Amino acid sequence: PAFARDLSGRSVPPRTSAEGVFVVDGSFVHNVGELHMNITNWGLIGSQPPDRRPWSDAPSAQWPGGSGVEYLYAAGLWVGAVREGIPLVSTGQFQVELLPTDDVLDTIYRSQRGAPGGDRYPEGDGDDDGDGAVDEDPLNGRDDDDDGLVDEDFAALGDQYFRLTMRDDLPLGRELNPDHDPLHIAVVQESFQWENDLVNDFVGFTLTITNVGRSDLEEVYLGFFADGDVGPRGRAEMNSDDMPAFFRGSVDAPDGSRVPLSLGCIYDCDGDEGLSPGWFGVAFLDHPTDPTGETAPKAVGITGFQQFSGTLPFDRGGDPTNDSERYELLSRAEIDPCPEDCEKADDYRVLLSTGPFSRLEAGASLRIHVAMVVGAGLEGLERNAAAAARVYYGAWFD
């Protein structure tokens, strides 16, 4: 009982506002590093500046932190699969189809390394409650291991750690999107950041997708969508002069090792007269693989990169408008050519995808590790993405 009392109050208290468990006030921002980024529990990563919404004053992907220069309008997870012969896609953005339940516990939880209950090897043995199990009670406000304690043994990553859960099959989701046919998935999103100068230009994500329905999902693709509007807040038409880019190759990490990377990128074509020198990128750091290619991609990385414009219809390279078009983009194993002429600058979005994963059985899960990174020019982006990869790879202990 004394241990339980000591742990009480560590987690974020349930919200009881008019929005229920929805976090819409921009109160969860990764800001211990140089890349400041808003996190919600309803699919949106970023804050959609300069919209007049309750969350839009929060940093979206502001770099360096406090500069007022943004590199992202909105981003979110896409999951596509064939269920009973029909291709379906559930998205975090722009369609809001991943939502928290109406349980007051389904908010966002925050922690950091060294927090009570968040022990993680090698800073400790990972068994916070001494029951012989490690990290068996994830940070979610619940007693997952039925021992009478709540969130007493989890793994806290980084100097700032957020955790949340969403689903695509809730009644509210169907009200918001009447044409949406859910995959019946639950998504646990964990995000983390470090304040060390060598590794503070990115936010890392671990996304665990679980099939909570009764039907198996086939030909599954995981994607990350990003609309990267680049420029100082308040600058007119900051979203109309951006360019997409794709990079694949090996990069020198800060420790001197060579790191293989594939990156989907967005940058401002003229750099806003030096005000917006950064490149924004998304990298896939890990996901299931199969050397034969039969059940999963042969290697970690981006298998498809699509860039499209918000000013064009889908058949001419614009936004998809239904699940069939979204699944077509997710499953397209191609790298779109990217323009280099500033006369072709536009309001671009990018979609990175990997797959197919041949089957996600009922009750089974897929996990993908992603980094969202900013750096000065392509060279700086590569360097910071390599640092993110090295942090993910971690250190090995016997």
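Evaluate the following for Ser56: is it open to solvent by less than 30 Å² (accessible area, probe 1.4 Å), within 24 Å of Asn239 (Cα to Cα) and either of a type in the set (Lys, Arg) or at pLDDT 95 or above (or both)? Before you say what the answer is, go through the steps one by one.
Numbers: open to solvent by less than 30 Å² (accessible area, probe 1.4 Å): yes; within 24 Å of Asn239 (Cα to Cα): yes; either of a type in the set (Lys, Arg) or at pLDDT 95 or above (or both): yes.
Yes; evaluated as a whole, the condition is true for this residue.
Scan region 172-201 and report the pairs whose first residue is over 24 Å from Glu84 (Cα atoms) and whose second residue is among the charged types (D, E, K, R) and not in a strand (DSSP E or B), with Cβ atoms within less than 7 Å and a gap of 6+ or a chain change.
Gln193/Asp159; Trp194/Asp159; Glu195/Asp159; Asn200/Glu34; Asp201/Glu34
Would you point out the residue of region 353-394, among those that are part of a loop (DSSP other than H, G, I, E, B), small (Gly, Ala, Ser) and in contact with a strand residue (DSSP E or B) (Cβ under 7 Å, 6 or more places away or on another chain), that is nearest to Val282 (Cα to Cα)? Outline the logic, then answer.
Taking region 353-394 and keeping what is part of a loop (DSSP other than H, G, I, E, B), we get 361-364, 394.
Subset that is small (Gly, Ala, Ser): 362-364, 394.
Now drop any that are not in contact with a strand residue (DSSP E or B) (Cβ under 7 Å, 6 or more places away or on another chain), which leaves 362-364.
Values: Ala362: 29, Gly363: 29, Ala364: 26 Å.
Filtering region 353-394 for residues that are part of a loop (DSSP other than H, G, I, E, B), small (Gly, Ala, Ser) and in contact with a strand residue (DSSP E or B) (Cβ under 7 Å, 6 or more places away or on another chain), the one nearest to Val282 (Cα to Cα) comes out as Ala364.
Scanning region 198-242 for residues that are assigned to a strand (DSSP E or B) and β-branched (Val, Ile, Thr), which turns out surrounded by the fewest Cβ atoms within 10 Å (Cβ to Cβ)? Quick ask: steps written out before the conclusion?
Initially, region 198-242 is screened for residues assigned to a strand (DSSP E or B), giving 202-211, 217-227, 231-232, 242.
Now narrow it down to the ones that are β-branched (Val, Ile, Thr): 203, 206, 208-210, 220.
Details: Val203: 26, Thr206: 18, Thr208: 15, Ile209: 26, Thr210: 19, Val220: 26.
Of everything passing the filter in region 198-242, Thr208 is surrounded by the fewest Cβ atoms within 10 Å (Cβ to Cβ).
Hey, any hits in region 212-231 for a residue that's within 20 Å of the chain's Cα centre (by Cα), more than 27 Å from Gly65 (Cβ to Cβ) and aliphatic (A, V, I, L, M)? Step through it out loud before you land on a result.
Narrowing region 212-231 to residues within 20 Å of the chain's Cα centre (by Cα): 220-230.
With more than 27 Å from Gly65 (Cβ to Cβ) added as a condition, the list becomes 220-223.
Among the residues that remain, those that are also aliphatic (A, V, I, L, M) are: 220, 222.
Among the residues of region 212-231, at least one is within 20 Å of the chain's Cα centre (by Cα), more than 27 Å from Gly65 (Cβ to Cβ) and aliphatic (A, V, I, L, M), which makes the answer yes.
Report, by residue number, each residue of region 296-349 that is small (Gly, Ala, Ser) and either assigned to a loop (DSSP other than H, G, I, E, B) or at positive phi (or both). Can you show your working first?
Here is the first cut: in region 296-349, the ones small (Gly, Ala, Ser) are 296, 299, 301, 304, 309-310, 317-318, 324, 331, 333, 345.
Residues satisfying the conditions are Ala296, Ala299, Gly301, Gly310, Gly317, Ala333, Ala345.
Considering only region 119-130, I want to know if a residue exists there that is open to solvent by 50 Å² or more (accessible area, probe 1.4 Å) and either hydrophobic (A, V, I, L, M, F, W, C) or under 18 Å from Ser47 (Cβ atoms) (or both). Spell out the reasoning first.
Initially, region 119-130 is screened for residues open to solvent by 50 Å² or more (accessible area, probe 1.4 Å), giving 120-123, 125, 130.
Remaining after also requiring either hydrophobic (A, V, I, L, M, F, W, C) or under 18 Å from Ser47 (Cβ atoms) (or both): none.
Within region 119-130, none of the residues are open to solvent by 50 Å² or more (accessible area, probe 1.4 Å) and either hydrophobic (A, V, I, L, M, F, W, C) or under 18 Å from Ser47 (Cβ atoms) (or both).
Quick one: in region 59-73, of everything that is assigned to a loop (DSSP other than H, G, I, E, B) and open to solvent by less than 10 Å² (accessible area, probe 1.4 Å), which residue is nearest to Val350 (Cα to Cα)?
Leu72
For Val251, all conditions in the list (1) part of a loop (DSSP other than H, G, I, E, B); (2) over 17 Å from Arg349 (Cα atoms); (3) β-branched (Val, Ile, Thr) hold save one; what is the number of the exception?
Only one criterion in (1) part of a loop (DSSP other than H, G, I, E, B); (2) over 17 Å from Arg349 (Cα atoms); (3) β-branched (Val, Ile, Thr) is unmet by Val251, namely (1).
Within region 34-52, can you find the residues that are open to solvent by 50 Å² or more (accessible area, probe 1.4 Å) and either among the hydrophobic types (A, V, I, L, M, F, W, C) or at pLDDT 95 or above (or both)? Walk me through it before giving the result.
The first filter runs over region 34-52 and keeps only residues open to solvent by 50 Å² or more (accessible area, probe 1.4 Å), leaving 34, 50, 52.
Listed by number, the list holds a single entry, Glu34.
Filter region 269-284 down to the residues that are at pLDDT 95 or above and open to solvent by less than 20 Å² (accessible area, probe 1.4 Å), then identify the one that is farthest from Arg235 (Cα to Cα).
Phe284
Could you list all residues from region 142-179 that are modelled with pLDDT of 95 or more, buried (at least 20 other Cβ atoms within 10 Å of the Cβ) and under 11 Å from Leu98 (Cβ atoms)?
Leu164, Thr165, Met166, Arg167, Asp168
Find all pairs meeting these conditions: Cβ atoms under 6 angstrom apart; at least six residues apart or on different chains; first residue within region 308-331 and over 11 Å from Leu351 (Cβ atoms) and acidic (Asp, Glu); second residue crowded, with 20+ Cβ neighbours inside 10 Å and modelled with pLDDT of 90 or more.
Asp323/Leu88; Asp323/Val89
Taking Ser90, is it in contact with an Asp or Glu (Cβ under 9 Å, 6 or more places away or on another chain), within 30 Å of Glu325 (Cβ to Cβ) and open to solvent by less than 40 Å² (accessible area, probe 1.4 Å)? Show your work before the answer.
Details: in contact with an Asp or Glu (Cβ under 9 Å, 6 or more places away or on another chain): yes; within 30 Å of Glu325 (Cβ to Cβ): yes; open to solvent by less than 40 Å² (accessible area, probe 1.4 Å): yes.
Spelling it out, Ser90 is indeed in contact with an Asp or Glu (Cβ under 9 Å, 6 or more places away or on another chain), within 30 Å of Glu325 (Cβ to Cβ) and open to solvent by less than 40 Å² (accessible area, probe 1.4 Å).
Pick from Ser257, Ser215, Ser191: which is at pLDDT below 95 and hydroxyl-bearing (Ser, Thr, Tyr)?
Working: Ser215 fails: at pLDDT below 95; Ser191 fails: at pLDDT below 95.
Among Ser257, Ser215, Ser191, only Ser257 is at pLDDT below 95 and hydroxyl-bearing (Ser, Thr, Tyr).
Can you tell me how many residues in region 218-243 are touching a Lys or Arg at 6+ places or on another chain (Cβ under 8 Å), over 27 Å from Thr295 (Cβ atoms) and modelled with pLDDT of 95 or more?
We begin by selecting, within region 218-243, every residue touching a Lys or Arg at 6+ places or on another chain (Cβ under 8 Å); these are 218, 220, 225-228, 243.
Applying the additional criterion that residues be over 27 Å from Thr295 (Cβ atoms) yields 226-228, 243.
Checking which are modelled with pLDDT of 95 or more leaves us with 226-227, 243.
Adding up the residues that qualify gives 3.
Residues checked against (1) touching a Phe, Trp or Tyr at 6+ places or on another chain (Cβ under 7 Å); (2) among the basic types (Lys, Arg):
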position	(1), (2)
Gly317	yes, no
Asn322	no, no
Leu329	no, no
Cys338	yes, no
Arg367	no, yes
Val370	yes, no
Arg383	no, yes
Asp398	no, no
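The values are calculated or read from the model by the stated rules, or taken from the named source; none is laboratory data. As the structure is a prediction and not an experimental result, all values here were calculated from the model. Counting neighbours? That spans all protein chains shown, and the Cβs are built from the backbone with ideal geometry, glycine included. With ligands, DNA and RNA removed, areas are computed over all heavy atoms of the protein, side chains included. Shrake-Rupley method; radii C 1.70, N 1.55, O 1.52, S 1.80 Å.
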